[in-house]
Amino acid sequence: MAWFVLVLSGALEAVWATALGRSEGLHRLAPTVVFVVALTASMLGLGYAMRTLPVGTAYAVWVGIGASLTVGWAMLSGAEPVSAVRLLLVLGIVACVVGLKLVH
């Protein structure tokens, strides 16, 4: 259950990071509300997962999932450029997250 919650929390990290970017410095209401709700849920989930998973592993997986999804969404939406090098680097992050799960 902790791994499921951790993955979901990592996905919520991508939501709050994207919302923060769209909030224009927390001046736009809708993205700011999404940011606060997703941030709260993401942190609660990370905290829950850390009750049973090692702190270093949980945090690295959380950040890796959030970062990968955030940059993936940015590339899909056209906010950031897509290149083979960028894709390979993001896949490297994903591989590291999978590796941490496999060795746990």
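The values are calculated or read from the model by the stated rules, or taken from the named source; none is laboratory data. No experiment lies behind these values; they were computed from the predicted model shown. Virtual Cβ from ideal backbone geometry, glycine too; neighbours counted across all protein chains shown. Surface areas here come from the heavy atoms of the whole protein model, side chains and all, with no ligands, DNA or RNA. Shrake-Rupley method; radii C 1.70, N 1.55, O 1.52, S 1.80 Å.
Treating only the Cβ of Lys, Arg, Asp and Glu as charged (+1, +1, -1, -1), what charge dipole size does the chain show about its Cα centre? Round to the nearest 20 debye.
Values: 5 positive and 3 negative charges, 22 e Å.
Dipole of the chain, to the nearest 20 debye: 100 debye.
For every helix of n ≥ 4 consecutive DSSP H residues, a contribution of -39,500 (n - 2.57) applies; sum these over the chain, divide by its total residues, and give [θ] at 222 nm rounded to the nearest 500 deg cm²/dmol. Walk me through the numbers before you get to the answer.
Values: 4 runs with 85 residues, N = 104.
About -28500 deg cm²/dmol.
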- Task: Express the C-alpha Rg of the chain as a ratio against the empirical globular expectation 2.2 N^0.38 Å, rounded to two decimals.
- Result: 1.11
- Task: Quick one: check the C-alpha center-to-center distance for segment 35-104 versus segment 8-29, whole angstrom.
- Result: 14 Å
- Here FRET efficiency (C-beta to C-beta, Trp3 to Ser77, R₀ 35 Å, nearest 0.05) is 0.80
- Message: Averaging over every viewing direction, what projected area does the convex hull of the Cα atoms of segment 51-101 cover, in nm²?
- Response: 3.7 nm²
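Within 10 Å of each candidate Cβ there may be at most 15 other Cβ atoms; applying that plus a DSSP loop requirement, which trypsin sites (Lys or Arg not before Pro) in segment 1-61 survive? Can you show the working numbers first?
Details: sites: Arg22, Arg28, Arg51; in loops: Arg28, Arg51.
Hits after loop and neighbour filter: Arg28, Arg51.
If R0 is 41 Å, what FRET efficiency do you get for Val55 and Ala84 from their C-beta distance, rounded to 0.05?
It comes to 0.75.
Could you check how much of the accessible area of the chain is carbon and sulfur, as a whole percent, using a 1.4 Å probe? Don't skip to the answer; put the middle values down first.
On the way: 4840 of 6290 Å².
Heavy-atom surface of the chain belonging to carbon and sulfur, 1.4 Å probe: 77 percent.
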- How far apart, in nm, are two points set 7 Å out from the Cα along the Cα-to-Cβ line at Thr40 and at Leu102? 3.9 nm
- Heavy-atom accessible area per residue of segment 22-104, all protein chains kept, 1.4 Å probe, expressed in Å², is 64 Å²
